[in-house]
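Bear in mind that the values in this text are calculations on the coordinates, not laboratory data. Please read all numbers here as calculations on a predicted model, not as lab measurements. Ideal geometry is used to build each Cβ from the backbone, glycine not excepted, and the neighbour counts take in all protein chains shown.
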Protein chains: 2
Amino acid sequence: MQARRKVYVEGSRPDVRVPFAEVELAGDNPPLRLYDTSGPGSDPEVGLPALRGPWIAERADVAPARGAGTPLVGRDGRRPTQLAYARAGVVTPEMEFVAIREGLAPEFVRDEIAAGRAVLPLNVNHPECEPAIIGKAFLVKVNANIGTSAVTSSVAEEVEKLTWATRWGADTVMDLSTGKRIHETREAIVRNSPVPIGTVPIYQALEKVGGDPVKLSWEVFRDTVIEQAEQGVDYMTVHAGVLLPYVPLAVDRVTGIVSRGGSIMAAWCLAHHEENFLYTNFRELCEILARYDVTFSLGDGLRPGSIADANDEAQFAELRTLGELTRIAWEYDVQVMIEGPGHVPMHKIKENVDLQQEWCHEAPFYTLGPLTTDIAPAYDHITSAIGAAMIGMFGTAMLCYVTPKEHLGLPDRDDVKAGVIAYKIAAHAADLAKGHPGAQAWDDALSKARFEFRWEDQFNLSLDPETARAYHDATLPAEPAKTAHFCSMCGPKFCSMKITQELKEYAARGMRDKSAEFQSAGSRVYLPLA
Amino acid sequence: MQARRKVYVEGSRPDVRVPFAEVELAGDNPPLRLYDTSGPGSDPEVGLPALRGPWIAERADVAPARGAGTPLVGRDGRRPTQLAYARAGVVTPEMEFVAIREGLAPEFVRDEIAAGRAVLPLNVNHPECEPAIIGKAFLVKVNANIGTSAVTSSVAEEVEKLTWATRWGADTVMDLSTGKRIHETREAIVRNSPVPIGTVPIYQALEKVGGDPVKLSWEVFRDTVIEQAEQGVDYMTVHAGVLLPYVPLAVDRVTGIVSRGGSIMAAWCLAHHEENFLYTNFRELCEILARYDVTFSLGDGLRPGSIADANDEAQFAELRTLGELTRIAWEYDVQVMIEGPGHVPMHKIKENVDLQQEWCHEAPFYTLGPLTTDIAPAYDHITSAIGAAMIGMFGTAMLCYVTPKEHLGLPDRDDVKAGVIAYKIAAHAADLAKGHPGAQAWDDALSKARFEFRWEDQFNLSLDPETARAYHDATLPAEPAKTAHFCSMCGPKFCSMKITQELKEYAARGMRDKSAEFQSAGSRVYLPLA
């Protein structure tokens, strides 16, 4: 990525240093600064530096759980959450960090968090994390899922996928590991992650009971949550809205329950004929999460898994319950976001956001896609980028990516990149549509470079400079072609941009008077290839 | 594509035989019939059979232009257009063909054509073409652009791209050749094309005057149109709305004029300081097109080329003029569609359709994308699939594809496929959102196959069966994995679909009573990998 370098903008104190990717441009075009998620670069053997270490220490609201060197936890019943500070009117260094990142006032950031409209998922045990804010008033964020499975992949591979995902712009990463070495994989991921890490603790809890959902219990789950909170997980998906009476609503669907967590909890509820233990123990769970500042991602265990099942009774019954749980979590100063679907045809997308915002009191919405059709396995990064862009425009705060391998297999490195890029496109398209301040500057800089045939600037400003350059060079590889005032699509005679540029000069000189001159000069509105 | 075979549905006469791709499904699932654009298969040396030959001959409204064996043309001032027949209340075999293809009544097809809300681009000299209808009441169509350029590519390559594009679902193909051998390339394309072919005649006209727009004239253009109409081009882009007074409106844009045809006509207008000769000679042009049943695709020469320029005065001034020209073309029984942008942020997309429908009297809209952001060269099939799906939902009848090489180079075979697939996704997502009768049957069949772990059926129902199968096999290649009741994403323990299926059986037996039995059976909600 030539001509892109990392720069830091300092805040009110020297250790608030916010990274940007600065793109140098040719001529008198000012450099453009882009939001940058790649982190300071990590040596996997060592992990990242503890950027937030001093900030956490200064607040003096946490202490080691079991003596020196053990994980931090809120001390003396304190709730060291960003929500608690925001409600108390405090602008933390973390809030200032994201304010600089987003180009907004720190007080605005604080107020959005205080109102529950935005979250700052930052576990006190993840000091390596660069703060990122998730809320409808901010840039739309993208999550990438990684993780080992029972069938395949290794710890080293997953850390590499993490680094790879953040390089391409993932704002958060979820570790969905389900196979062996779950704890070890997660430890490696958290220590090397400059972005918030999310998990679904029920997966590990299920491993602990030998894979039988019926053997799950609140105690096993609770201990798993504490284990993960001590490691530094920033947000956790909890399927506390899959209630016993809702399960029959999903039975006659075309695709039933497609959330793993949702199906596990449904199986438990039915086998015991008892209410979901995540729901009945929700207040105790809030107390735990508050101690580490773990953010809730209230899971949509009954989300639709096909176009046919979108926006049905099962889905919306659960959503109402998630709204109820949101209020309870807020009582404990715990930050909350709400997960959403899944598979939704375009004309039913807006209703999802409208109801979620209404029923869940404007807590940030975090959706998987949605896929807008089911007919294109192998291309679900595209079927869902369409839905993701739209749902982002309507107010969704974070989009969980879908890779080309969705429904077919586990994503490899190329799939992770394809998924992240498709979702960065969707998120940015939504930022433009929402009129986020500054979003269009990126488009304008690239469009201007395109019109002025500054090929190197076009590449460097691209979401994926390497691929843009490679595609250009595939047709016109020669170096002069990168300064040519045309490209391979139209060739020199037909280049509309070239013609317009000459019209522009012509217009500048006064159109009427110069008509004759233009013609006598041979009416050259193009330059032949030298 | 195993388990897919071409079947034909016969209409009211034995030579109306409409192709479908029939997908055989396992068990007692009925086969699914999909719209099929691939044609009967062509030997490039011979060309395709003249499906429409008898229909054209029976109407006795055309005659060879210059004696036996020369191209057909309306005889004795007759206008052999589908619009003329529809207005006269006649259901042609072509109309019946598309009615069967779309699952709608022939009279409905006729009435939509008669009202100008749909077009059936079918030159009397392209008897090889399988009729396809373009209008908002029908399935959203996809156009693929191919064509040689001054810089690269050959005739054989372009014919191969044509066949490749229709194999993946392109409903029409535009030949945008601009280099040498334009006539020969087009001849090969038309003779081998089972789908309507569009062109932009100004490109060839410009070649004829040595590439200097100022040397263009009505006479050169007219002769080029006749030459192409005699070859069988079904629709032609004509930039008759780029009027002299509109040109200055585009001068201060970020990206000026980005349409090749638009910039050529703008250059001509300014150099001569005269009104666009396509506009001043429009009625004569209508008379010519009527004689061959060539459909107008009124070009948007002033379409925006960047997010910054979307929905501006230049664009909408031209659109109003296209509405005026639509009325004139209809006086001559010439079918019309209207081209649209381009580059438009999501929140400005709907306005494009609304104004086009209002000002152009509901003539079908045919848009290029639009791209919803400019930051992702190399991924503009995705940036624009988002816009295409949305603009399709709002009522656009045909979507012109964009390939990953857009703005960077000429598309190769892989790019053509990537572009067509992305646009078939967008078109189908729009069909679902519009509630086209039958559209959702495809999604439901695939979703049901997914839920029931019918892997082979999933692959065969996919838009791209080969890639879906390859992605599956990349993680779990063994043959038993294709019948396994789980996949590589979650592995056997976490398979939500498997769990739901068991819940379903469980519910069917009565949930309350069976709780004990479920538990005593070991609470097996998954099957371990054999």
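Find every distance from the label point of B:Pro54 to the corresponding label point in the other copies (7 Å from Cα along Cα→Cβ) and write them in nm, one decimal, shortest first. Reported distances to equivalent positions: 8.8 nm. Along the axis of the charge dipole computed for the protein assembly as shown (Cβ charges of +1 for Lys and Arg, -1 for Asp and Glu, origin at the Cα centre), the listed residues B:Gln440, A:Trp164, A:His272 are led at the positive end by A:Trp164. Take the alpha carbon atoms of region B:104-137, find their center, do the same for region B:1-46, and report the distance between the two centers in whole angstrom. Cα centroid to Cα centroid, the span is 20 Å.
Once the Cα-Cα distance is subtracted from the 0.36 nm per residue extended length, the B:Arg17 to B:Ala156 segment shows a gain of 47.1 nm. At the listed q of 0.19, 0.21 Å⁻¹, the Debye profile of region B:138-214, built from one uniform point per Cα, gives log10 I(q)/I(0) equal to -0.74, -0.87.
How do the peptides B:13-23, A:67-77 rank, highest first, by the average count of neighbouring beta carbon atoms within 10 Å per residue? Don't jump to the answer; show the numbers that get you there.
Numbers: B:13-23: 16.6, A:67-77: 12.8.
Ranking the peptides B:13-23, A:67-77 by packing returns B:13-23, A:67-77.
Between region A:323-394 and region A:395-474, the C-alpha centres lie 21 angstrom from each other.
Roughly how many whole Å is it from the C-alpha centroid of region A:252-275 to that of region B:196-233? Answer, in whole Å: 65. The equivalent ellipsoid of region B:311-408 has semi-axes of 25, 13, 11 Å, largest first, where each one is the square root of 5 times an eigenvalue of the Cα gyration tensor.
A viscosity of 1.306 mPa s and a temperature of 10 °C, combined with the Kirkwood radius over Cα pairs in Stokes-Einstein, give a translational diffusion coefficient for region A:366-416 of 145 µm²/s.
With a Förster radius of 30 Å, plug the Cβ-Cβ distance of A:Asp252 and A:Glu358 into 1/(1 + (r/R0)^6) and report the FRET value to the nearest 0.05.
Details: r = 27 Å, r/R0 = 0.89.
The calculated FRET efficiency here is 0.65.
Of the residues B:Ser193, B:Ala329, A:Pro245, the one whose Cα sits farthest towards the positive end of the charge dipole of the protein assembly as shown is B:Ser193 (charges of +1 on Lys and Arg Cβ, -1 on Asp and Glu Cβ, taken about the Cα centre).
For the protein assembly as shown, go through all pairs of different Cα atoms, get the mean of 1/r, take its inverse, and jot down that Kirkwood value in Å.
One over the average 1/r among Cα pairs gives 30.2 Å for the protein assembly as shown.
The mean number of partner chain beta-carbon atoms within 10 angstrom of a residue's beta-carbon across peptide A:366-374 is 5.
Shape summary: chain B maps onto an equivalent ellipsoid whose semi-axes, from the alpha-carbon gyration tensor, are 45, 26, 21 Å in decreasing order. Counting every pair of alpha carbons in region B:326-484, the share spaced more than 28 Å apart comes to 36 percent. Per the Kirkwood formula applied to alpha carbons, region B:232-380 shows a radius of gyration over Rh ratio, Rg over Rh, of 0.97. Magnitude of the charge dipole for region A:352-452, about its Cα centre and with charges confined to Cβ atoms of Lys, Arg (+1) and Asp, Glu (-1), is about 260 debye.
Rounded to the nearest 5, what is the percent of antiparallel bridges among the DSSP beta bridges in chain A? It would help to have the intermediate numbers written out before the result.
Numbers: 17 of 44 bridges.
Taking every DSSP beta bridge with both residues in chain A, the antiparallel ones total about 40 percent.
Between A:Arg181 and B:Glu24, the modelled label-to-label distance comes to 4.5 nm, taking each label 7 Å out from Cα in the direction of the beta carbon.
Volume per residue for region B:283-362 equals 80 cubic angstrom (convex hull of Cα atoms). Of the Cα atoms belonging to region B:79-171, the radius of gyration and Dmax stand at 15.5, 48 Å. If only the Cβ of Lys and Arg carry +1 and only the Cβ of Asp and Glu carry -1, the dipole of region A:286-401 around its Cα centre is close to 240 debye. Mean residue ellipticity at 222 nm, helices only, chain A: -13000 deg cm²/dmol; runs of at least 4 DSSP H residues each add -39,500 (n - 2.57), and the sum is divided by the number of residues. Convex hull volume of the Cα atoms of region A:16-159, normalised per residue: 176 Å³.
Structural size metrics of region A:119-275, computed from C-alpha coordinates, are Rg and Dmax of 16.4, 46 Å. Sorted from shortest to longest, the distances between the A:Asn311 label points of this copy and the other copies are 2.3 nm, with each point 7 Å from Cα along the line through the beta carbon.
Between B:Thr70 and A:Val7, the modelled labels are 7.0 nm apart [label points 7 Å from Cα along Cα→Cβ]. Of the GluC sites (Glu not before Pro) found in region A:24-118, those that fall in a DSSP loop while having at most 15 other beta-carbon atoms within 10 Å are A:Glu24, A:Glu45. At an R0 of 25 angstrom, the distance between the Cβ atoms of A:Ala60 and A:Arg87 translates into a FRET efficiency of 0.85.
With kT/(6 pi eta Rh) evaluated at 20 °C and eta = 1.002 mPa s, and Rh the Kirkwood radius from Cα pairs, region A:1-98 diffuses with a coefficient of 131 µm²/s according to Stokes-Einstein. When +1 charges are put on Lys and Arg Cβ atoms and -1 charges on Asp and Glu Cβ atoms, the dipole computed for the protein assembly as shown relative to its Cα centre reaches about 160 debye. Taking the DSSP bridge list for the protein assembly as shown and keeping only pairs wholly inside it, about 40 percent are antiparallel. Sorted from closest to farthest, the other copies place their B:Arg87 label points 7.2 nm away, with each point set 7 Å from Cα along Cα→Cβ.
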